[in-house]
Amino acid sequence: MSFIDTLLQGVLLGGLYALFAAGLSLVFGIMRLVNLTHGDLIVLAAFLILLIVSTFGLDPFLAAVIAAPLMFGIGWLLQYHLLNRTLGKDILPPLLVTFGLSIVIQNGLLEGFTADSRRISAGALETASVNFGGINAGVMPLVTFASAVLVIVALNQLIYRTALGRAFRATSDDVVTASLMGIRPNSIFAIATGLAMMIVTVAALYLGTRANFDPTAGPTRLIYAFEAVIIGGLGSLWGTLAGGIILGVAQTVGAAINPEWQILAGHIAFLLVLLLRPRGLFPRAVD
Amino acid sequence: MPILELTAVSKSFGALVVAENIGFSVEPGEALGVIGPNGAGKSTLFNLINGNLSVAGGTIRFDGRDVTHQLPMQRCLSGMGRTFQIPQPFERLTVYENILVAGAFGAQAKESEVADLCADILVETGMIAKANMPAGSLTLLERKRLELARALATQPKLLLLDEIAGGLTEGECRQLVATIKRVHQRGIAVIWIEHVLHALTAVVERILVLNFGRVIGIGDPETIMASSEVREIYLGMEV
Amino acid sequence: MTTGFDTMTTEIEAPADWRVETRTKLSGIFAVVSLVAVVALAAAPFLVSRGVVQDLFFILTMLALAQNWNLLAGYAGLISVGQQLFVGCGAYALFGLVILAGLDPILAIPLAGLFAMIVAAPTAFFAFRLYGPYFAIGTWVIAEVGRLLFAQWKMLGGGTGTSLPREATKEMLGLSLLQDWFGMRSSAAADALAYWLALALAALTIGFVYKLLRSKQGLGLAAVRDNETAARALGVDARRLKTAIYLLTAFLTGIVGALIYLQKARISPDAAFSLTDWTAYVVFIVVIGGIGTIEGPILGVIVFFLLQNAFSSYGSWYLLALGALAIVTMLFAPRGLWGLISDRTGWELFPVRRLLKGGPHRQDDKGGPHG
Amino acid sequence: MRSLIETHGLTAFYGDFQAVFGVDIRLDAGETIAVIGANGAGKSTLMRSISGVIANRPEMILHRGEPIGALAAPDVVRRGIALVPEGRKLFPSLTVEENLQVGAYGRKVDGPWTLETIYGLFPILKERRRNPATALSGGQQQMVAIGRALMSNPDILLCDELSLGLAPVIIKDIYAAFSKIRATGAAIVIVEQDIAQALKVADRVYCMMEGRITLSGRPAELDRADIHAAYFGAETHELH
């Protein structure tokens, strides 16, 4: 029974990792940009939620609803005014600019919030759990996983069912031809990053309520997000969920064997996938 | 034994067939012209021959060996030189250094051993005045000459030329033709894709006509050019 | 040749006396200046305080790291953000060899580099499966794996780390000679020795990178950087070149790591595998100074040191400003400070361009007897 | 009467490389003009300049008398100028229908062209509307590319190398659709290597060589030999 329990915990943890990864996956899919700031932006969003909760005494879920449009704005501005200037054939500028930005955000947060570990209180929900035939599952992990599924369903609807989604895919295929359709690629990219930041807000809500975080917690979240994306295969959001689950299960199984091996086990799962299926488990058919 | 032999070579991109059952051979020292309308698969043919694209079916033999699954680098080292239709210079290197790369790596020699040869090639291709300019500053026509010079510096047995005469003035075209003739007369086999027919026919012994990825004719230039089918598909008008 | 075109043929005149030159007058002067500078720097332990020597040690080790990363990212196009793996591996190998095998630290340094290179081989196998930006994060993940694995090595202190035994550094090869010859106290002698090693390492790294760039392999590397497809079609083995550069920079980075931690004498996985210290700073140094040039990292490390001295008391504000400076540089002067300088002045202190001189067509060229 | 499009001394560069040297062309309302010339003559560059893919000086291109040379492609589309690009350039991630829909993204105006009327023009596309665009044959892909450009209901349709890589019988089909497009009143610029086809459909023809206009006029006024000379340069006699 304990093995199934471990497995379940791992799958649910995978929901959190999929939330970390979905925004990264979206942004890469549309503009081939790997944003090294992604993890730090998750932490930034967590601090934003924390600030709203502590200032207005709001419920964290409500605070996230307020934070999401703010994060959209931050993402839009960041992409439109800074990151769009780095896009091009050369991969060096976007990498180095986002790398620099990552340091800027981390240290900005350190100045604003000190190096102390924080946590967003979710009240009774934190300890609530439900029992499925002898296996306990925390309500928060379940809600997290459900949110991940919901986010991915919503993103897929957006991408495959709306005019904006068509514009996303067209721009991703061919920027020049897209502009011949009247699509403004710079706006499309800014909207995409804004959307990714809304997903980041959801991820931050669960990061902040389920565990401690501090200004330097970002890079590790980026790595988890990256591993989930690569394990799942580039360009597939459901693959990203699968990648998150595999990472989560590997980590909980590793931790069950030896608590110090949790993170290592996740990395090793990632390297194994890279060794056996370099294009990930569910790569998109073309490219 | 032919220097190059293609047997039933095929390739497609999705539903688009770019090479269908292509078979022909080139003898050592022969010059073969390749013509066909835009999109007929001519550059694709070169990419298959030199290994930039892998074939979906068929075999390619070069200089007595099966090179079907070899990398472009290996094919270059065994004596296949090519130019790109869209020139691909090393933009931050000088013109001379561009040639040196080809001379030192393509012909597997020390830099000092090929230094003079590379300088001579610059003279032969009329690029000597630009020797120390960064290749990124060249005009399109100069870039095309650089392509030829680089391919020559690999000291090939077979030279693949992809549309290097387009846009030349009459005088430049004559110089180019003379250069290619000299190369050819040294015993180097040449396959030349070209739209400028009078330049092509001044050099090649046979012409291959390609359309929709298929060989629709191969033979001596007069016969080929006299064929009404060729004239119709190639020029789209009865000349 | 009997057709009508022949009359138009360009005559090939017998090309007499082609010369290929890379050196310029300026680079000749600079070579002398830098030789003098190295000698002057070598005399530093006799002329300046221990604090200054330690500062210089820091500058030189950062310079060596920066030259390595520059070779990797600026010339081989391998943008790694996982170089802390090799610093950490080199450092841990040194501690392991000294503490567990009782080896002399000085002898352990090259072995530490070797160890880093051995680690790099399987790393390359994984990381090279990732393209472009993913390569960057892939190297980072592997560096994390390294940190976590070394944290499991209980004999070297696990997660909390360990110190070099005092005796080991006190009896280091050459130390007693320094004490005898120059009458140095043992701690000052140890500092001086580490400093000289750092100086030699930085100078050799620069010399080596320069020699590599001027060699045939360097030419191939530049070709791959400019256009990989064309380079492959012309017979350049791009993959082998990149792998070789990756292994080589791992070796040198491992040696620098060993040297840094010989000086620090205390190690922990978090410090030895620090992304900020061993990769972020190094990236900023190279970007601010000018990526893809040898001059850039030299200039960058000086700027970096001055900024750190002036502003490091501001803590995270300083790092924030450094990150912002790197962003601004990348956006508005992507070739860095040295790019701005060489654009204005045309200076090249480490010229690698092969200039063709001489020959019948170039007689009237200016340039005088030295071409 | 003011022309729909006029270029004045149009020059275009790719980096340092100049592809078009001082080209003057004119397109009047309801007219179809053809630009012919060999590979590398600068025809596609001309199309890319007008459609805003390549930036030029504003006054080099006038649309209804207003300078548009410096406008970006999305703004040019909004003015009712649509391009069918060389090589079709369909979006592989989109289905046939989505490719058509995305054509109206930047300019949603009422006009003769809707999904339904485009399916009326090319019935085969309706059958294949759910297929990925790349699963179609070359000719069908060209139909999608034309339909996609029409979805913005342009006053001016620019068509770059419609017959590229297509079999003659399919080229005939594609051009058959042209009379219907012209009947809606749109002015059309076609770029062609297929001279015969161009002469057949165009009201006026411009011939380009090496980035310059070498010949222009009404098809009936042009002599075959002149076209040939303008197209290939001199020395074509070796062909005969």
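The values are calculated or read from the model by the stated rules, or taken from the named source; none is laboratory data. Since the structure is predicted, the reported quantities are computational estimates derived from the model, not experimental observations. With ideal geometry, Cβ positions are generated from the backbone for all residues, glycine too; neighbour counts draw on all protein chains shown. Only protein heavy atoms, including side chains, enter the accessible area calculation; ligands, DNA and RNA are left aside. Shrake-Rupley method; radii C 1.70, N 1.55, O 1.52, S 1.80 Å.
Mean partner shielding of peptide D:148-160, defined as the number of other chain Cβ atoms within 10 Å of each residue Cβ, is 1. Roughly what angle does helix A:262-276 make with the longest principal axis of chain A, taking Cα atoms, 0 to 90 degrees, to the nearest 10? Between the helix axis and the principal axis of chain A, the angle is about 50 degrees. Taking 7 Å steps out from each Cα toward its Cβ at A:Phe132 and D:Arg224 produces label points 8.0 nm apart. Fully extending the segment from C:Arg266 to C:Ser187, taken as 0.36 nm per residue of separation minus the present Cα-Cα distance, adds 26.9 nm.
For every other residue with a beta carbon closer than 13 angstrom to the beta carbon of A:Phe20, add +1 if it is Lys or Arg and -1 if Asp or Glu, then tell me the sum. Display every interim value, and only then the final one.
On the way: positive: A:Arg210, A:Arg221; negative: A:Asp40, A:Glu227.
My count for the surroundings of A:Phe20 gives 0.
Using a 10 Å Cβ count of at most 14 others and DSSP loop calls, identify the longest part of chain B lacking such trypsin sites (Lys or Arg not before Pro). Can you show the working numbers first?
On the way: sites that count: B:Lys110, B:Arg186.
It runs B:1-109.
Quote to one decimal, in nm, the extra length available between A:Ser54 and A:Asp5 on full extension: 0.36 nm per residue of separation minus the C-alpha distance between them. Provide the component values of the computation, followed by the final result.
Working: separation 49, 0.36 × 49 = 17.64 nm, distance 3.48 nm.
Stretched fully, the A:Ser54-A:Asp5 segment lengthens by 14.2 nm.
Each of the peptides D:72-81, A:147-156 was scored by the mean count of other Cβ atoms within 10 Å over its residues; in descending order, highest first, they stand as D:72-81, A:147-156. Panel note: contact residues of the stretch A:24-56 (accessible area lowered by at least 20 Å² against the chain on its own; 1.4 Å probe) correspond to A:Phe28, A:Val34, A:Leu36. Two numbers describe the Cα atoms of the stretch D:5-232: Rg and Dmax, which are 16.8, 48 Å.
Using only Cα atoms and rounding to the nearest 10 degrees, what angle (0 to 90) does helix D:168-183 make with the longest principal axis of chain D? The helix D:168-183 is inclined about 80 degrees to chain D.
Heavy atoms only, probe 1.4 angstrom, no DNA, RNA or ligands counted: give me B:Ser10, A:Ser179 ranked by accessible area, highest first. Could the numbers behind the result be given before it?
Values: B:Ser10 40, A:Ser179 15 Å².
Correct descending sequence by accessible area is B:Ser10, A:Ser179.
Distance from the C-alpha centroid of the stretch B:1-37 to that of the stretch D:139-156: 35 Å, rounded to the whole angstrom.
For the stretch C:35-274, what is the accessible area per residue in Å² when the probe is 1.4 Å? Provide the component values of the computation, followed by the final result.
On the way: 8880 Å² over 240 residues.
Result: 37 Å² per residue.
Amide H contacts for B:Leu4 (H built 1.01 Å from N in the peptide plane; partners 5 or more residues away or on another chain; cut-off under 5 Å): B:Val26, B:Asp63.
If packing is taken as the average number of other Cβ atoms within 10 Å across a peptide's residues, how do A:245-258, D:109-122 rank, most packed first? Each step should come with its number before you reach the end.
Working: A:245-258: 21.6, D:109-122: 16.1.
Packing order, densest peptide first, comes out as A:245-258, D:109-122.
Once the Kirkwood radius over Cα pairs is known for chain C, the Stokes-Einstein relation at 20 °C and 1.002 mPa s delivers a diffusion coefficient of 95 µm²/s.
Computed from Cα atoms alone, the Kirkwood hydrodynamic radius reported for the stretch C:115-159 is 11.4 Å. Taking amide H atoms as placed 1.01 Å from N in the peptide plane, the amide H of D:Leu158 lies under 5 Å from those of D:Ala82, D:Leu83, D:Val84, D:Val189, each 5 or more residues away in sequence or on another chain. With K and R counted +1 and D and E -1, the other residues having a Cβ less than 9 Å from that of B:Glu111 yield a net charge of +2. Leaving out same-chain residues fewer than 8 places away, which lysines sit with a Cα under 25 Å from that of D:Lys200? Leaving aside lysines fewer than 8 places away in the same chain, those within reach of D:Lys200 are D:Lys43, D:Lys172, D:Lys180. For the chain pair D and B, buried accessible area totals roughly 2100 Å², probe 1.4 Å, rounded to the nearest 100.
Burial here means at least 40 square angstrom less accessible surface with every protein chain in place than with the chain by itself, probed at 1.4 Å; in the stretch B:133-162 the buried residues are B:Leu140.
In this structure, the pairs whose alpha-carbon distance is over 23 Å, taken from A:Lys89/B:Lys42; D:Lys89/D:Lys126; B:Lys181/C:Lys357; C:Lys25/C:Lys357; B:Lys110/C:Lys25; A:Lys89/B:Lys11, are A:Lys89/B:Lys42; B:Lys181/C:Lys357; B:Lys110/C:Lys25; A:Lys89/B:Lys11.
Of the solvent-accessible surface of chain B, computed with a 1.4 Å probe and all protein chains present, 51% belongs to carbon and sulfur. Points 7 angstrom from Cα along the Cβ direction at C:Ala244 and C:Val48: gap in nanometres? It works out to 3.7 nm between the two label points.
What FRET efficiency comes out for A:Ser187 versus C:Phe332 if R0 is 30 angstrom and r is the Cβ-Cβ distance? Round to the nearest 0.05. List each step's numbers first, then the result.
Working: r = 23 Å, r/R0 = 0.78.
Plugging the Cβ-Cβ distance into 1/(1 + (r/R0)^6) gives 0.80.
A simple spin-label model places pseudo-atoms 7 Å from Cα toward Cβ; at C:Arg19 and B:Phe13 they are separated by 5.0 nm.
A cut-off of 5 Å between modelled amide H atoms, ignoring neighbours fewer than 5 places along the same chain, links C:Lys357 with C:Arg19, C:Val20, C:Glu21. With K and R counted +1 and D and E -1, the other residues having a Cβ less than 15 Å from that of C:Ile99 yield a net charge of +2. The separation of the stretch D:74-113 from the stretch C:89-107, counted between C-alpha centres, amounts to 66 Å.
To the nearest whole percent, what portion of all C-alpha pairs in the stretch A:2-276 is separated by more than 32 angstrom?
Working: 8273 of 37675 pairs.
Of all Cα-Cα pairs in the stretch A:2-276, 22 percent lie more than 32 Å apart.
Roll a 1.4 angstrom probe over the protein heavy atoms and tell me the percent of accessible area of the stretch D:116-240 that is carbon or sulfur. List each step's numbers first, then the result.
Numbers: 2570 of 4920 Å².
Whole-percent figure for carbon plus sulfur exposure: 52.
Binning the alpha carbon pair distances of chain B at 5 angstrom intervals from zero yields the distribution 1, 7, 14, 18, 20, 17, 12, 7, 3, 1, 0, expressed in whole percent.
Per residue of A:263-275, count partner chain C-beta atoms within 10 Å of its C-beta, then hand back the mean as an integer.
So the per-residue partner count for this stretch is 4.
Candidate cross-link partners of C:Lys154 among the lysines, defined by an alpha-carbon separation under 27 Å and a same-chain spacing of 8 or more, comprise C:Lys170, C:Lys264.
Mind checking Rg over Rh on the protein assembly as shown, alpha carbons, Kirkwood formula for Rh? Don't jump to the answer; show the numbers that get you there.
Working: Rg = 32.8 Å, Rh = 32.9 Å.
My calculation of the ratio gives 1.00.
Hey, what D do you get for the stretch B:180-224 in µm²/s if you plug the Kirkwood alpha-carbon radius into Stokes-Einstein at 10 °C and 1.306 mPa s? It would help to have the intermediate numbers written out before the result.
Values: Rh = 11.4 Å.
Estimated diffusion coefficient is 139 µm²/s.
The HN-Hα couplings worked out from phi for the stretch C:204-216 by the Karplus form 6.51 cos²θ - 1.76 cosθ + 1.60 (θ = phi - 60°) are 5, 4, 4, x, 5, 4, 4, 5, 4, 5, 8, 8, 4 Hz, whole numbers, x standing for Gly and Pro. Helix B:170-185 versus the longest principal axis of chain B: what is the Cα-based angle in degrees, 0 to 90, to the nearest 10? Tilt of helix B:170-185: around 90 degrees.
So, by mean Cβ neighbours within 10 angstrom, what's the order for C:225-234, C:315-324 with the highest one leading?
Result, highest mean first: C:225-234, C:315-324.
Overall, the accessible surface of the stretch A:2-276 at a probe of 1.4 angstrom is composed of carbon and sulfur to the extent of 67 percent.
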